[in-house]
1. For every helix of n ≥ 4 consecutive DSSP H residues, a contribution of -39,500 (n - 2.57) applies; sum these over the chain, divide by its total residues, and give [θ] at 222 nm rounded to the nearest 500 deg cm²/dmol.
2. For ASP379 and GLU140, FRET efficiency with R0 = 30 Å and r from the beta-carbon atoms, rounded to 0.05?
3. Could you tell me which trypsin sites (Lys or Arg not before Pro) in region 253-294 are loop residues by DSSP with no more than 12 other beta carbons within 10 angstrom of their beta carbon?
4. If amide H atoms are built 1.01 Å from N in the plane of the peptide, which residues on other chains or at least 5 residues away come under 5 Å of the amide H of VAL139?
5. For region 257-309 and region 94-150, what is the centre-to-centre distance using only Cα atoms, to the nearest Å?
6. Decide, for region 85-128, between rounded, prolate and oblate: order the square roots of the alpha carbon gyration tensor eigenvalues as a ≥ b ≥ c, take rounded if a/c falls under 1.5, and otherwise choose prolate if a/b is larger than b/c, else oblate.
7. So how compact is region 7-150: Cα radius of gyration and Dmax in angstrom?
8. Scattering from the C-alpha atoms of the chain alone, worked out with Debye: what is log10 I(q)/I(0) at q = 0.06, 0.08, 0.10 1/Å?
Amino acid sequence: MGLHFSKQEFSIRKKNVLNSMKQQNIDALLMFRQESMYWLTGYDTFGYVFFQTLVLDKSGNTILLTRAPDLRQAQNTSNIKDIRIWVDKDGINPTDDLKLILEELDLKNKIVGVEYEAYGMTGRNALRLNKSLENYCNVEDQSELITKLRVVKSNEELVYVREAAQLADRALDEAWKYTRAGVNEAKILAEMQRAVLEGGGDYPANEYIIGSGNNALLCRYQAEKRNLSNTDQLSLEWAGAFKHYHSAMFRTIPIGKADPKHIKMHEACIEALTNCVKTLVPGKTAGKVFDAHAKTFDNLGFNKARMNACGYSLGSTFSPNWMDWPMLYTGNPYVISPGNVFFMHMILMDSDNNLAMNLGETYLVTEKGNERLGKQKLDLVVL
């Protein structure tokens, strides 16, 4: 069995979920988020793209409803003992199978929490679920119940977060090694991913972002791969991933020479990141961290170039993205706590001059402040 955490760790997590369910006065929880299933039981799959749910009732009974391809996946990667299979056939409605499980657990007229905010919970699946449970039980949206428990990392989790940070550092070493005029972006990507995989890491929850020239101003992966010019700019966002835990970084690298505006933008990113780091401490809110970011860039004249969020929590996440709750945006009331892990990205996209500058690092919140997990220099590196 490929469990990545101790029995005691899983026991504590389950106890915490049951306590939260009691506080919310719900009799059962239907988990559709793969992150919840992995965190609670170790279950590791991408089968969540189909209808799949993990049922937990207030007595601690745990039942997984999934498809046949994930039977052995669950047996080999999780501590789930009761695995039910819904059968693929034309016109099948797996929510009918789920209702039979709920009847077995005597949940008629009881309160059942549902993780509606999940990639496997498509609009169609939600409609079918609601129709199946109509007049049977009382359904509540409990999408954040486990998410709020996951946001503070345990000591066992932090071991994997630190491993991920080391892998992210190794990936940057490879990027610096291979970034030069004439090299294709695909080569840089391949060497960065190789460093992570050969270091014992995983595929990340989303693609690495790479873009040069005008594409350096993009914040998402896109399929074009070009050769670097003699004078160019390359933006890279990537994450080390270990047992699905992520530690992300972001850099823009001028090629050949740095435009004077690149230098000013980088100085602004350093100042903004420094001010965010000072604010990312226990007791402050996520919104205050963003305000430090926005105030710095706005005072330096970069209001049009900055983003409306400056980071997000990181943890064990699955495709299609490694972003976790909560995000750093203005007014977010989430109170920063020890054990939080946040990726803070300072992004400047100057469309008027076709110039980009990005600087991003992952931080662990400690009792007295925070710790930068990456060990690479923050200087502007020109290659």
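Values quoted throughout were computed directly from the atomic coordinates according to the rules given, and no laboratory measurement underlies them. For clarity, every value in this text was computed on a predicted model and none was experimentally measured. Don't worry about glycine lacking a Cβ; one is built from the backbone with ideal geometry, like all the others, and counts go over all protein chains shown.
1. Helices in the chain give a 222 nm mean residue ellipticity of -11000 deg cm²/dmol.
2. Result of the calculation: an efficiency of 0.05.
3. LYS257
4. Those qualifying (amide H under 5 Å, at least 5 residues apart or on another chain) are VAL112.
5. 41
6. oblate
7. Rg then Dmax for region 7-150, in Å: 13.9, 43.
8. Calculated log10 I(q)/I(0) at the listed q: -0.26, -0.46, -0.70.
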